[in-house]
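Q: Quick one: the structure is below, and I'll ask about it shortly.
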Amino acid sequence: MAQGSGSASRATAALGLALLLCLLLAHAADAATYTVGDSGGWTFNTASWTRGKRFRAGDVLVFRYSPSVHNVVAVSAAGYNGCSAPRGSRTYASGSDRITLARGSNYFICSIAGHCQAGMKIAVVAA
């Protein structure tokens, strides 16, 4: 083994780690933040709000609403289509929830009786 090869190996590993961190930070910097429903916030008839928008994994959805009358529940496709929040679904109720999108389909409903059926639901596909 040549003298100094351990230092070169550590330097290469450190450089690799630095490059990986740069890539991760660049991805985070590219993430966009969207307010669901725009200025109207998370309310009835927001199902069409996603039209014309391109979402990416890591983008953040901000749900603004009155927590005394609404909530946000992350559900499966079945929960979205059936307007139901199965036991164990993640429920948000702060009135200013920030949810990071996962790659693929992301579904959200308001689980207050009748709200989802009245259009308080969105399906977001993130590339």
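Bear in mind these aren't lab numbers, they're just calculated from the coordinates by the rules spelled out. Since the structure is predicted, the reported quantities are computational estimates derived from the model, not experimental observations. Counting neighbours? That spans all protein chains shown, and the Cβs are built from the backbone with ideal geometry, glycine included.
Q: In what order do Cys83, Cys116 fall by count of nearby beta-carbon atoms within 10 Å, going from fewest to most?
A: Values: Cys83 18, Cys116 23.
Placing the least packed residue first, the sequence is Cys83, Cys116.
Q: Moving on. Which far-off residues, 5 or more places away or on another chain, put their amide H under 5 Å from the one on Cys83, with H placed in the peptide plane?
A: none
Q: Per residue of the range 112-127, what does 6.51 cos²θ - 1.76 cosθ + 1.60 with θ = phi - 60° give for ³J(HN,Hα)? Whole Hz please, x for Gly and Pro, Karplus curve as stated.
A: With the stated coefficients, the range 112-127 comes to 5, 3, x, 5, 4, 4, 8, x, 8, 7, 9, 10, 10, 9, 10, 6 Hz.
Q: Calculate the dipole size of the range 32-126 relative to its Cα centre from +1 charges on Lys and Arg beta carbons and -1 charges on Asp and Glu beta carbons; express the result in debye to the nearest 20.
A: 220
Q: Can you work out the Karplus-derived ³J(HN,Hα) for every residue in the range 88-96? Use 6.51 cos²θ - 1.76 cosθ + 1.60 with θ = phi - 60°, whole Hz, and x for glycine or proline.
A: Per-residue couplings from phi come out as x, 5, 6, 10, 10, 8, 7, x, 8 Hz.
Q: Amide H neighbours of Arg64 under 5 Å, counting only residues 5+ apart in sequence or on other chains, H built in-plane at 1.01 Å?
A: Val36, Trp42
Q: Could I ask something else about it? Around Asn45, what is the net charge, scoring Lys/Arg as +1 and Asp/Glu as -1 over all other residues with Cβ under 13 Å from its Cβ? Walk me through the numbers on the way to the answer.
A: Details: positive: Arg51, Lys121; negative: Asp38.
Charge balance in the 13 Å sphere: +1.
Q: Just add up the charged neighbours of Val73: K/R +1, D/E -1, any other residue whose Cβ is under 10 Å from the Cβ of Val73.
A: That sum, taken over residues with Cβ under 10 Å, equals +2.
Q: While we're looking at this one, here's another question. For the charge dipole of the range 32-126, defined by +1 on Lys and Arg C-beta atoms and -1 on Asp and Glu C-beta atoms about the Cα centroid, which residue among Gly119, Gly79, Asn106 has the Cα displaced farthest towards the positive pole?
A: Positive-end residue among those listed: Asn106.
Q: Starting with the fewest neighbours, write out Val62, Val72 ranked by other beta-carbon atoms found within 10 Å of each beta-carbon. Each step should come with its number before you reach the end.
A: Working: Val62 15, Val72 26.
Ordered from fewest to most neighbouring Cβ atoms within 10 Å, Val62, Val72 come out as Val62, Val72.
Q: What's the local net charge at Thr33, with K and R +1, D and E -1, over the other residues with C-beta under 15 Å away?
A: For residues surrounding Thr33, the net value is +1.
Q: Also, I was wondering about something else. Ranked by Cβ crowding within 10 angstrom, fewest neighbours first, how are Arg64, Arg103 ordered?
A: Listed from fewest to most nearby Cβ atoms, that is Arg103, Arg64.
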